[in-house]
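A short worksheet on the structure shown next.
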Amino acid sequence: MGKLGVVGEWIKDRKEHLDLFDETNVHRQGNPFYLLGPMVYYFWLITIVSGLLLMIWYEPTTAGAYNSILHIQHEIPLGWLIRGLHKYGADALIIAITLRIYRMYFLGEYKKPGELSWMIAFASLILAMISGITGYLLIWNQRAFWAAKVVLTVPIYFDELPLIGQTRFGSAIAYIFLGGPAIGQATLTRFYMIHFSISVIALILTEIFFQRTRRKRLNMSLASVLVFFLMLAAISYLLPAELGRRANPDRTPLPILSDWYFLALYQFVKYTPPLWAGLGPGLLIAFGMLVPFLDRSKGRRPSERPFFTVVGIMALVYFLVFTVLILFNIAVIERDPPIILAITVVVLALGLLWEIRYRRRQLGQLVSSPKPAENPASE
Amino acid sequence: MEERVNRRTFLKLLMGVPAFGAIAAALSPLLRYLKPNLPPYQLNPLTVGDKPHGSPVVAATLSELREPWSYKYFTFVQQYPQYTPEGFKNATVPGVVIRLPRKVVLPWEWAGEKRKESDIVAFSRICPHLGCIFNYVPEWKEITSGYGGYVPPPDRRHALMGCPCHLSIYDPADPDVPGRVLSGPAPRPPRTFLFAVKEGDIVITDVEPGGIA
Ligand code: FES
């Protein structure tokens, strides 16, 4: 068997243990943390169905988009509900994916044979966020317009990279996504297509998975299904989904925010030079995808892999702190980044020290115990 | 050691090269399908005729800008040859013209003007960071309260410019680099307009090329 065979074997094994949403590989079905997988699937379906209904009335043109949403929200019977379900369903989806990723991270579920499950879960978060940003441009309000402009200007700075920058691929990315030299109708059309097709393609792939594996589609009780639906409906009624102000290319409002799950990233963009605003998230995504291969520790419990636990907690804390900072509009750009950098380095170093000490101690135990095979840490 | 690359695997790999090439060749038209039908703004025009044209616009009259720190917003329309039905595509560049209390060296190297001094400056309000539209803020205290808490040093406690998006702060009256970045992620000062004073009018004729429209 050649190298390809080894890879094929690896993939086959992971596929067998693949856990997209159903969590049927887990024995702790009663634990509410294991409802997160089915929740992801359920909220995703709600978002898709309500999105299809919105397409009946939505008009993807720069002149008509905002009006058509006003129309949906205020005039179409139950329009507010469909829009609310779409918006809050998507928010719930992102919350559920995030919590699930954190669960997988802290419980070491990404370890063999869960690597593929983890990578798919992580990629789905990225895709959900891309759907989110392409989706809120469709409203064509101020927030949407400036977010799209800012996001699509970031790749232009990739042209500053040594060597590969020469190809001007950054500008090419911006140009292709904008559909022209600046934000306009073509941008709206392309974003609409991306927003729609991410879910369509993913849905087809999941359906293939369910067909092949005969797993349960929605591993959730009817009661939960109803409760979650009523929750979303209630929020849509009490807190109608926002519209914001119509896009105005000649005025950037102050302050301007983005959807809640981008706020931390937004604060990060304020703190770093523009090239890093693009590279930073890229590295973060790469790290997330590769975690199962970077973490070579044996144990699954958080205390058995100190360094990665520290990294996970740090990511969570930064997400929360940055979000709070931006909500209170605090960003002293001369003062904050060095402090943050220093904290990061110190915390990472401490994490590393803890890891080394832990490993030393493990080693000591191994040496002192006569039969290392009985050590619970070995697989 | 089965893992070593033997002749057969090597030949197989070699065969992959033309196969890969064929796939790439088949896919390349698909990539072209993604290409927008409007060309990007020609930042380095091939011929003189392809250069973007701006129609001169009166930004303000001198009498409107008598007081130091007085300012006025205006919009400059630039026309790019974009082979649209009208022949040209308009890009609007919002700007601000400011009367400063002292003379500064205008950063007009891009227009071939060196060491020209003036107490009037005109900036493009397109933020050189990521393209939002920044504001002229007459009261520096408003910068501190509204733009993230930046406190300017004592010698810069006057009108400043601030961007709502990522809080870049610019000093329009910096004697060496008008528009100097005081704070924030902006990589350079904002671009400037070329202007001339004609019969009491401040006439904007051109804008520094580059950046995001
Ligand atoms: S766009 Fe102005 S600071 Fe980022």
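The values are calculated or read from the model by the stated rules, or taken from the named source; none is laboratory data. The structure presented is a predicted model; accordingly, all values stated were derived computationally and were not measured. FYI the Cβ positions are ideal-geometry reconstructions off the backbone, even for glycines, and counts take in every protein chain you see. Note: areas computed on protein heavy atoms with side chains; ligands, DNA, RNA excluded. Shrake-Rupley method; radii C 1.70, N 1.55, O 1.52, S 1.80 Å.
Helical content alone sets the calculated 222 nm signal of chain A at -22500 deg cm²/dmol, taking -39,500 (n - 2.57) per DSSP H segment of four or more residues and averaging over every residue.
Taken about its Cα centre, the stretch B:90-182 carries a charge dipole of about 100 debye when Lys and Arg each add +1 at the Cβ and Asp and Glu each add -1 at the Cβ. Only Cα pairs under 8 Å and 6+ residues apart enter the sum, and on that basis the relative contact order of chain A stands at 19 percent. Shielding by partners for peptide A:331-341, expressed as the average number of C-beta atoms from other protein chains within 10 Å of each residue's C-beta, is 4. Remark: accessible area buried at the B-A interface is about 2900 Å², both chains counted, probe radius 1.4 Å. If a spin label sat at a point 7 angstrom from the Cα of residue A:70 along the line to its beta carbon, the backbone N atoms of the stretch A:244-271 nearer than 14 Å would be those of A:244-248. Only protein heavy atoms count here; on that basis, with a 1.4 Å probe, residue A:323 has an accessible area of about 20 Å². Here the dipole of the stretch A:184-324 is about 540 debye; that uses its Cα centre as origin and unit charges on the Cβ of Lys and Arg (positive) and Asp and Glu (negative).
Each label was represented as a point 7 Å from its Cα along the Cα-to-Cβ direction; for residue B:205 and residue B:117 these points are 2.2 nm apart. Annotation for the stretch A:298-362 versus the stretch A:192-242: alpha-carbon center distance of 33 Å. Here the calculated FRET efficiency for residue B:28 and residue B:66, from their Cβ-Cβ distance with R0 = 56 Å, stands at 0.35, rounded to the nearest 0.05. Helix screen, chain A: DSSP H segments with Cα axial length of 27 Å or more and mean Kyte-Doolittle hydropathy at least 0.0 are A:36-57, A:79-106, A:115-137, A:185-213, A:274-294, A:306-327, A:336-368. When the P(r) is computed for the stretch A:259-365, the part past 18 Å accounts for 57% of the Cα-Cα pairs.
The C-alpha atoms of the protein assembly as shown occupy a region whose extents along the principal axes are 95, 61, 61 Å, arranged from largest to smallest. Which pairs in the list A:12/A:111; B:114/B:198; B:103/B:198; A:149/B:72; A:87/A:111; A:12/A:112 are over 23 Å apart, alpha-carbon to alpha-carbon? Pairs exceeding 23 Å: A:149/B:72; A:87/A:111. Taking the Cα centre of the stretch A:16-250 as reference, the dipole from Cβ charges on Lys and Arg (+1) and Asp and Glu (-1) amounts to some 280 debye. Counting Lys and Arg as +1 and Asp and Glu as -1 over every other residue whose Cβ lies under 15 Å from the Cβ of residue A:190, the net charge comes to +2.
Give me the base-10 log of I(q)/I(0) for the stretch A:20-165 at each q in 0.11, 0.12, 0.17 Å⁻¹, Debye formula, one uniform scatterer per Cα, rounded to two decimals. The computed values of log10 I(q)/I(0) come out as -0.57, -0.66, -0.99.
Of the heavy-atom accessible surface of chain A (probe 1.4 angstrom), what whole percent is carbon and sulfur? It is 73 percent, rounded to a whole number. With each label modelled as a point 7 angstrom along the Cα→C-beta vector, the residue B:75-residue A:167 pair spans 3.9 nm. Between residue A:283 and residue A:329, residue separation times 0.36 nm minus the direct Cα-Cα distance comes to 14.0 nm.
Segment residue A:356..residue A:250, full-extension length gain: 32.6 nm, with 0.36 nm per residue of separation and the alpha-carbon distance subtracted.
Shielding value for A:147-157 is 3, the average number of Cβ atoms from other chains within 10 Å of each residue's Cβ.
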